[in-house]
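Only one structure is covered here, and it is reproduced in the block below.
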Amino acid sequence: MRIWDLHCHLSGVAGLTPEERLGSLIKYADRVGIERLCVYMGMKWAQDPSADDLGKQNDDVLRALEKHKDRAFGFVYLSAKHVERSLSELERCVTNGPMVGVKLWVAQRCNDPMIDPIIKRAAELKAVIFQHTWFKTTANYAGESTPDDLVALAKRFPEVPIICGHTGGTWELGIRAIREQKNLFADLAGSDPTWGITEMAVRELGADRIIYGSDSGGRSFASQLAKVHGAQISDADKQKIFCDNLRNMMLPILKAKGIQA
Amino acid sequence: MNRRLFLTQAAAVSAAPLLTAADKPSGLVDCNLHLGPHPTRALPEIDEAFLAKRDITEAWAGSFEALLHRDMGAVNERLVKRCAASSRLSAVGSVNPRLPAWQTDLRLCAEKHRMPMIRLYPNHHGYTVADDVFAQLLTEATKLKLRVQIVAQLEDQRTQSPLMQVPPVDLKPLAEAMKKVPESRVMVLNANASMITTALRGCTNVWLDIAMIEGVAGVENLLTSWPADKLCFGSHAPFFYWESAALKMQESVLTEDQQNGIRLGNARALLG
């Protein structure tokens with residue numbers, strides 16, 4: 001099976017430089033059969049990054065991509081708290097750079113319309129849009145989106161595909177929350193490999209709306225691959241989840257950039 | 001497609017069947033399984049077919065019923081009956097030292113059911129490993145030649161039912177408790193890397209499983225700070241997809257000795 005990993009970071013992995021860390025990730029990915037990695041956020045994370053932090057973190061990813069562009073795709077890290085800088089980072093890293101997606105994390109909940117100019121421009125560029133979400137029993141961060149917040153955003157952009165990061169973590173809730181919003185896709189990454197996540201997602205969303213990701217290096221590739229390898233679903237559905245859905249979403253921007261994959 | 005990409009894809013395709021590769025060491029002890037109904041999830045049954053398909057030669061199984069039931073004698077009886085369905089299954093009974101007359105449950109595990117070990121859930125049952133009652137239980141279990149499994153956690157706190165929130169067990173007092181029972185042999189299940197590098201540092205006679213070891217190449221990395229003869233294969237199935245633990249062995253580069261020890265030899269040594 002072809003496997004593309006939607007969700008990787010340069011943290012939690014050995015290496016003194018961004019390119020060393022991405023090289024390490026690729027080394028481990030090779031052991032478990034992963035062909036391509038999507039990478040976002042830099043060496044030093046910030047939950048509520050300043051405008052300059054965004055630029056520095058994106059610089060790290062650009063540097064890592066320069067050495068490993070045949071194995072990795074980059075997503076630009078943006079924040080609705082810094083719309084102007086985010087839009088300029090989009091131009092720098094996606095329009096004029098090698099990146100092909102957008103990462104939105106926990107600085108500002110995504111139901112706030114402040115985020116709309118970022119989504120609008122990313123959609124124009126056909127960039128893949130990824131929004132972190134969780135439903136935490138232990139309470140979310142102040143700026144951390146839930147899948148419900150993402151549904152509110154997705155309703156404002158019904159033609160734009162958007163990925164629901166972590167499927168909300170508590171996936172029984174996340175899957176239900178996004179089920180009726182057909183432009184939302186479920187990212188399987190970054191929660192424990194609890195049995196049933198993929199079976200429920202396939203049943204409720206359909207295999208066409210599910211994408212494999214790991215959240216490595218903090219997570220092992222292994223535990224997250226197991227959600228698909230171990231699921232009681234067809235091999236055809238596994239192939240969609242492991243690669244085809246993400247690849248299809250990404251193909252327009254890859255073609256526009258002349259990238260073959 | 002360029003040559004490098006072709007080679008990468010070829011490697012990916014050839015890596016995938018490693019889960020069932022014929023060249024892996026024969027014999028696998030999975031020391032961390034549960035049977036019976038889970039309180040919040042409908043999970044697949046661990047049966048002979050499940051074990052045979054995955055080449056699990058020995059499966060140490062506790063009961064999910066032990067988490068909340070108070071009639072622990074009946075829980076352990078049902079567990080033994082469930083395990084009779086497969087020669088690969090080995091029942092690991094539970095004892096809750098907060099229940100009156102817990103000593104009877106302990107004795108039945110050893111003398112009637114001939115179990116080699118028991119499984120404890122301190123935070124589900126309302127005690128800590130610093131409590132006197134844990135010291136008493138460890139002492140009595142050791143006298144009966146029972147090994148003791150301590151379940152450090154069962155589920156990420158962030159995803160637990162709001163009506164049943166159970167934090168991870170504080171393992172820091174374990175080393176001190178075990179010093180008072182030097183012959184005791186303890187296996188901690190579902191410990192994560194943070195617990196191991198802080199709370200369990202310096203513990204001797206403690207075995208671990210790999211079910212909740214996370215991070216890229218997690219097993220390989222753990223062995224830089226934890227003795228290779230005290231790490232065992234444990235999947236936490238069916239709560240976790242079993243393939244998670246199997247793929248962790250593939251994601252880490254391990255020597256043949258390390259592979260054999262984790263898959264089989266270290267678990268046997270715990271029982272020996």
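The values are calculated or read from the model by the stated rules, or taken from the named source; none is laboratory data. Being a predicted model, the structure only gives us computed values, none of them experimental. Here the Cβ is made from the backbone with ideal geometry for all residues, glycine too, and neighbour counts use every protein chain on show.
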Residue hits (the stretch B:197-224; in contact (Cβ under 8 Å) with a residue 40 or more places away in the chain and part of a loop (DSSP other than H, G, I, E, B)) are B:Ile210, B:Ala211, B:Met212
Residues of the stretch A:10-24 being within 11 Å of another protein chain (Cβ to nearest Cβ), within 13 Å of A:Val61 (Cα to Cα) and not charged (D, E, K, R), in sequence order, are A:Ser11
Those residues of the stretch B:55-87 which are assigned to a loop (DSSP other than H, G, I, E, B) and buried (at least 22 other Cβ atoms within 10 Å of the Cβ) amount to B:Ile56
The residue from B:Leu108, B:Leu138 that alone is part of a helix (DSSP H, G or I), buried (at least 23 other Cβ atoms within 10 Å of the Cβ) and at pLDDT 95 or above is B:Leu138
**Study point:** Some residue of the stretch A:178-187 being within 14 Å of another protein chain (Cβ to nearest Cβ) and at pLDDT 95 or above
**Key:** no
Residue hits (the stretch A:47-60; closer than 25 Å to A:Tyr212 by Cα and free of Cβ contacts under 8 Å to residues at least 24 places away in the same chain) are A:Gln57
When (1) within 14 Å of chain B (Cβ to nearest Cβ); (2) charged (D, E, K, R); (3) touching a residue at least 24 places away in the same chain (Cβ under 8 Å); (4) surrounded by fewer than 21 Cβ atoms within 10 Å (Cβ to Cβ) are applied to A:Arg219, the one that fails is (4)
Is it the case that the stretch B:158-165 has a residue that's away from every other protein chain (no Cβ under 14 Å) and among the charged types (D, E, K, R)? no
When (1) assigned to a helix (DSSP H, G or I); (2) closer than 30 Å to A:Lys240 by Cβ; (3) within 14 Å of chain B (Cβ to nearest Cβ) are applied to A:His7, the one that fails is (1)
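For (1) out of contact with any helix residue (DSSP H, G or I) (no Cβ under 9 Å at 6 or more places or on another chain); (2) β-branched (Val, Ile, Thr); (3) at pLDDT 95 or above, each residue gets a yes or a no:
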| site | (1), (2), (3) |
| --- | --- |
| B:Leu171 | no, no, yes |
| B:Ser184 | no, no, yes |
| B:Met187 | no, no, yes |
| B:Arg201 | no, no, no |
| B:Asn205 | no, no, no |
| B:Val219 | no, yes, yes |
| B:Ser225 | no, no, no |
| B:Met249 | no, no, yes |
| B:Leu270 | no, no, yes |
When A:Ile233 is run through (1) in a helix (DSSP H, G or I); (2) free of Cβ contacts under 8 Å to residues at least 60 places away in the same chain; (3) more than 9 Å from chain B (Cβ to nearest Cβ), the failure sits at (1)
Of B:Trp242, B:Trp207, the only residue that is within 13 Å of chain A (Cβ to nearest Cβ), in contact with a strand residue (DSSP E or B) (Cβ under 9 Å, 6 or more places away or on another chain), crowded, with 18+ Cβ neighbours inside 10 Å and of a type in the set (Phe, Trp, Tyr) is B:Trp242
For the stretch A:162-187 the number of residues that are part of a loop (DSSP other than H, G, I, E, B) and either under 20 Å from A:Glu199 (Cβ atoms) or basic (Lys, Arg) (or both) is 5
Filter the stretch A:194-216 for residues that are more than 30 Å from A:Leu22 (Cβ to Cβ) and of a type in the set (Gly, Ala, Ser); the one that is nearest to the other protein chains (Cβ to nearest Cβ) is A:Gly196
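Rundown of residues vs (1) touching a Cys at 6+ places or on another chain (Cβ under 6 Å); (2) in a helix (DSSP H, G or I); (3) not hydrophobic (A, V, I, L, M, F, W, C), yes/no style:
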site	(1), (2), (3)
A:Leu22	no, yes, no
A:Asp30	no, yes, yes
A:Lys44	no, no, yes
A:Asp48	no, no, yes
A:Asp53	no, yes, yes
A:Asp60	no, yes, yes
A:Lys81	no, no, yes
A:Glu91	no, yes, yes
Inset, instruction - Kindly establish whether B:Val133 is free of Cβ contacts under 8 Å to residues at least 40 places away in the same chain, touching a Ser or Thr at 6+ places or on another chain (Cβ under 7 Å), away from chain A (no Cβ under 14 Å) and not basic (Lys, Arg). - result: no
Scanning the stretch A:240-260 for residues that are within 12 Å of A:Met1 (Cβ to Cβ), within 11 Å of chain B (Cβ to nearest Cβ) and surrounded by fewer than 24 Cβ atoms within 10 Å (Cβ to Cβ) gives A:Cys243
The one condition A:Glu159 fails out of (1) surrounded by fewer than 16 Cβ atoms within 10 Å (Cβ to Cβ); (2) among the charged types (D, E, K, R); (3) assigned to a helix (DSSP H, G or I) is (3)
